[in-house]
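A quick write-up on the structure given underneath.
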Amino acid sequence: KNQVEQSPQSLIILEGKNCTLQCNYTVSPFSNLRWYKQDTGRGPVSLTIMTFSENTKSNGRYTATLDADTKQSSLHITASQLSDSASYICVVSPYGGSQGNLIFGKGTKLSVKP
Amino acid sequence: GAGVSQSPSNKVTEKGKDVELRCDPISGHTALYWYRQRLGQGLEFLIYFQGNSAPDKSGLPSDRFSAERTGESVSTLTIQRTQQEDSAVYLCASRRASGKKSSYNEQFFGPGTRLTVL
């Protein structure tokens, strides 16, 4: 069964600290993986996309990694800011499947405290 | 340019009433999705429209839920005889779904409609 598991479920860190969020998936065959940021009361916004051949991709203070062999991805946030407080959602797209069949993780809720 | 818009932003209704939620996708986006997000939970897929193809309704939780889309524009999600368990945020997303690597295209989400069933 295609699944996406994220950990931790929630995380509290102090402003300025780094953190890493994890995403494990069992989706096969695999096309791509996206990380989304969802601020409270808003819709998710894409941070980065990882394809099969990509290991690392950065978007400002966000760095995503992908290990297609172990089916794991991580999102590393450097020098966290209060505005990073949000839910981070990992979404995996199967290869060749219906484009409606995106597999969503339940998200990690990050709280950055001053 | 305008993003995905949804209306109303909030809807409070009584149990047993019907509600209609609206989504205006980004112009030119042929793919449109509806999701449900209960408090503190992840996104739950409801339905997917792609151009003139038959919609993928596999995520609709019961026959009280239905959705329509007019061509490649506005979509409405209708919930009949609402129940308290229907209380959630309903998110709409659209996506440009043409091209060789269209599966890589980003979904753009609307702000959602918060539905409260009393």
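The values are calculated or read from the model by the stated rules, or taken from the named source; none is laboratory data. Bear in mind that the values here come from a model prediction, so they are computed numbers and not experimental data. No Cβ is skipped: glycine too gets one built from the backbone with ideal geometry, and neighbour counts run over all protein chains shown.
Annotations
- Selected residue [within 12 Å of chain B (Cβ to nearest Cβ) and either at pLDDT 95 or above or over 12 Å from the mean Cα position of the chain (by Cα) (or both)] from A:16, A:43, A:60: A:43
- All of A:85, A:73 fail the test of being modelled with pLDDT of 95 or more and buried (at least 21 other Cβ atoms within 10 Å of the Cβ), apart from A:73.
- Here residue B:55 fulfils each of the conditions (1) modelled with pLDDT under 95; (2) in contact with a Ser or Thr (Cβ under 9 Å, 6 or more places away or on another chain); (3) not charged (D, E, K, R) apart from (2).
- Counting residues in segment A:64-79 that are farther than 26 Å from residue B:35 by Cα and of a type in the set (D, E, K, R) gives one or more.
- Each residue in segment B:15-71 was checked for being within 11 Å of chain A (Cβ to nearest Cβ), within 13 Å of the chain's Cα centre (by Cα) and in a loop (DSSP other than H, G, I, E, B), and 3 of them qualify.
- Residue that is among the hydroxyl-bearing types (Ser, Thr, Tyr) and in contact with a Pro (Cβ under 6 Å, 6 or more places away or on another chain), where the choices are A:88, A:62, A:95: A:95
- Residues that are outside any strand (DSSP E or B) and among the small types (Gly, Ala, Ser), drawn from segment B:4-14: B:9
- Taking segment A:23-74 and the strands (runs of 3 or more DSSP E) fully enclosed by it, the elements with 1 or more residues that are of a type in the set (A, V, I, L, M) are at A:30-38, A:45-51, A:62-67.
- Filtering segment A:54-69 to residues that are without any contact (Cβ under 8 Å) to a residue 12 or more places away in the chain and surrounded by fewer than 15 Cβ atoms within 10 Å (Cβ to Cβ) leaves A:56, A:58, A:60, A:69.
- Any chance residue B:85 is more than 12 Å from chain A (Cβ to nearest Cβ) and in a helix (DSSP H, G or I): yes
The rows are residues; the columns are (1) loosely packed, with under 13 Cβ neighbours inside 10 Å; (2) closer than 9 Å to residue B:32 by Cα.
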| site | (1), (2) |
| --- | --- |
| B:48 | no, yes |
| B:56 | no, no |
| B:60 | no, no |
| B:64 | no, no |
| B:77 | no, no |
| B:84 | yes, no |
| B:88 | no, no |
| B:94 | no, yes |
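- Restricting segment A:75-109 to residues that are in a strand (DSSP E or B) and among the aromatic types (Phe, Trp, Tyr) leaves a set whose member that is farthest from the chain's Cα centre (by Cα) is A:104.
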